[in-house]
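The values are calculated or read from the model by the stated rules, or taken from the named source; none is laboratory data. This is a predicted model, so every value here is computed, not measured. Positions of Cβ are generated from backbone atoms using ideal geometry, with glycine treated the same way; all protein chains shown enter the neighbour counts.
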């Protein structure tokens with residue numbers, strides 16, 4: 001069974017750096033599950049990979065060092081292991097803050113028992129910025145659930161919600177005006193409870209499944 005590990009490679013800057021690094025991984029029959037180009041520093045590049053391979057990580061590290069562009073290679077824990085599943089809270093600042101209180105408090109309870117759940121927030125106003133943010137959540141690594149926290153959401157935001165749900169993202173909405181609640185998986189009136197229920201819905205250590213609920217609005 002292939003093991004997954006993280007690796008940060010520090011290289012000289014220039015064209016074709018990523019091509020050379022991925023070539024090394026391919027020759028080891030490695031499967032790249034995630035790649036990020038970290039913030040560049042003057043005169044160097046830092047690239048983070050999450051890789052699955054049946055070969056020992058040390059063998060791949062040695063292969064990287066054969067490239068003249070490589071300055072340093074570090075094995076690290078994967079972001080999945082450290083930060084785990086992500087909940088993204090989007091909407092008005094006051095409502096976002098209240099949802100975060102519930103989500104962070106509940107996540108702490110599960111993380112103590114071995115879970116890894118992190119909570120991210122972004123206060124936004126306006127139909128298009130929120131719709132863009134909703135669609136972008138589906139592109140975020142490890143994102144498992146989205147909470148829409150506001151007083152009025154509809155239009156293109158509703159369409160964006162339906163799109164990300166089709167991609168497997170759980171969407172929880174506050175009980176607000178507009179058409180978004182009708183498009184969400186779960187609607188919760190109290191923002192703190194919305195945060196708590198979202199964490200419970202994605203936690204392996206909780207006995208709570210949205211699909212088994214007889215009511216969808218709370």
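Identify the residue in region 124-148 that is part of a strand (DSSP E or B) and modelled with pLDDT of 95 or more and, among all such residues, is nearest to residue 209 (Cα to Cα). This residue is 145.
Select from region 37-49 the residues that are without any contact (Cβ under 8 Å) to a residue 24 or more places away in the chain and outside any loop (DSSP other than H, G, I, E, B) and write down the one among them that is nearest to residue 63 (Cα to Cα). By that ranking, first place goes to 37. Scanning region 39-60 for residues that are surrounded by 12 or more Cβ atoms within 10 Å (Cβ to Cβ) and either under 16 Å from residue 17 (Cα atoms) or at pLDDT 95 or above (or both) gives 44, 45, 46, 47, 48, 49.
In summary, residue 71 fulfils each of the numbered conditions (1) in contact with a helix residue (DSSP H, G or I) (Cβ under 6 Å, 6 or more places away or on another chain); (2) outside the structural domain of residue 166 (by TED's automatic domain parsing) with the single exception of condition (1). Take the residues of region 2-31 that are farther than 19 Å from residue 46 by Cα and not in a helix (DSSP H, G or I): which is modelled with the highest pLDDT? Across region 2-31, the extreme among qualifying residues is 31. Residues that are under 30 Å from residue 7 (Cβ atoms) and at pLDDT 90 or above were ranked within region 79-103; the one that is surrounded by the most Cβ atoms within 10 Å (Cβ to Cβ) is 87. For region 5-21, give me each residue that is surrounded by fewer than 16 Cβ atoms within 10 Å (Cβ to Cβ) and under 17 Å from residue 53 (Cβ atoms). Within region 5-21, just 8 meets the criteria. Just to be sure before I move on: is residue 114 assigned by TED's automatic domain parsing to the domain that holds residue 196 and either at pLDDT below 90 or outside any strand (DSSP E or B) (or both) in the structure I sent? It is true that residue 114 is assigned by TED's automatic domain parsing to the domain that holds residue 196 and either at pLDDT below 90 or outside any strand (DSSP E or B) (or both).
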